[in-house]
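Below you'll find the structure, written out as structure tokens, and then a few comments.
Each value in this text was obtained by applying a stated rule to the coordinates, not by laboratory testing. Just so it is clear, the structure is predicted and the values come from calculations on it, not from any experiment. Using ideal geometry, Cβ is built from the backbone for each residue, glycine included, and neighbour counts are taken over all protein chains shown.
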Amino acid sequence: MISKQDVSWNDIEILIGTLSKNILKLSRNFSSITTLSRGGLVPSRLLADSLGIKKILVNQKIVNSDSLFVDDIFDTGKTFSNVFSNVDDPSKFVFTTLFARRGMKYPEQLLYAEKTLDDSYVVFPWDKFEFENSSK
């Protein structure tokens, strides 16, 4: 059986608050949020509301460096690498996540709310069924 770390909606609200505070410390204005439809869509909406950002772009081929990139977790680094290769100005890019996998090497562009407890699968409320179907 796969070990898992369940995340509640209450946890999500706390993580969004923490991440919002960390983003505001950057003293940057972002024109939009860019995300991927799987994983990042719900945190993007919550961060957009928290930060007053009106536009959310999904599954973009080119990522504008004035857009805050949001995902639910920095895990293997594969998503970061794929997205980073499509950023118009990598020196201004900010990649934000609710969780960062403990023990990984983090890129300097990463901003996260919390590290995972261990290497357990993190189950967010929006991917509960995905996890249940994959562990059958």
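Taking amide hydrogens as placed 1.01 Å from N in the peptide plane, the amide H of TYR112 sits under 5 Å from those of THR97, each at least 5 positions away in sequence or on another chain.
For the stretch 18-128, the gyration tensor built on C-alpha atoms gives a rounded shape. Its axis ratio a/c (a ≥ b ≥ c) stays under 1.5.
For the chain, the mean residue ellipticity at 222 nm estimated from helices alone is -9000 deg cm²/dmol, where every DSSP H run of n ≥ 4 contributes -39500 (n - 2.57) and the total is divided by all residues, rounded to the nearest 500. Need one word for the stretch 69-136: rounded, prolate or oblate. Basis is the Cα gyration tensor (sqrt eigenvalues a ≥ b ≥ c); a/c below 1.5 gives rounded, then a/b vs b/c decides. Verdict is prolate for the stretch 69-136. Kindly list the residues of the stretch 17-53 that lie in the label zone of ASN10, defined by a backbone N under 16 Å from the point 7 Å along the Cα-to-C-beta vector. Within reach of a label on ASN10, which here means backbone N under 16 Å from a point 7 Å along Cα→Cβ, the stretch 17-53 contributes 17. Look at ARG38, ARG101 and count the other Cβ atoms within 10 Å of each Cβ; fewest to most, that gives ARG38, ARG101.
The count of lysine pairs in the stretch 1-88 that are at least 8 places apart or cross chains, and whose C-alpha atoms lie under 24 Å apart, stands at 6. Extension gain, ASP118 to ASP66, is 15.5 nm, computed as 0.36 nm per intervening residue step minus the present C-alpha separation.
Amide H contacts of SER65 (H built 1.01 Å from N, in plane; Pro and chain starts excluded): ASP88, ASP89 sit under 5 Å, all sequence-distant by 5 or more or on other chains. The long axis of helix 41-51 is offset from the longest Cα principal axis of the chain by roughly 50 degrees. Arranged from fewest to most other beta-carbon atoms within 10 Å of their beta carbon, THR116, THR96 become THR116, THR96. Residue by residue, the stretch 63-75 carries 3J(HN,Hα) couplings of 9, 6, 5, 8, 9, 6, 8, 10, 9, 7, 8, 8, 10 Hz when phi is fed to the Karplus relation 6.51 cos²θ - 1.76 cosθ + 1.60 (θ = phi - 60°); x denotes Gly or Pro. Does the stretch 1-77 come out rounded, prolate or oblate by the C-alpha gyration tensor, with a ≥ b ≥ c the root eigenvalues, rounded set by a/c under 1.5 and, if not, prolate when a/b is larger than b/c and oblate if not? Oblate. Taking the C-alpha atoms only, the angle from helix 9-24 to the longest principal axis of the chain is near 30 degrees. Rounded to the nearest Hz, the phi-derived 3J(HN,Hα) couplings of the stretch 117-122 under the Karplus curve 6.51 cos²θ - 1.76 cosθ + 1.60 (θ = phi - 60°) are 5, 7, 9, 5, 5, 8, where x marks glycine and proline. Note on SER120, SER8, SER20: ascending count of other Cβ atoms within 10 Å places them as SER8, SER120, SER20, the fewest first.
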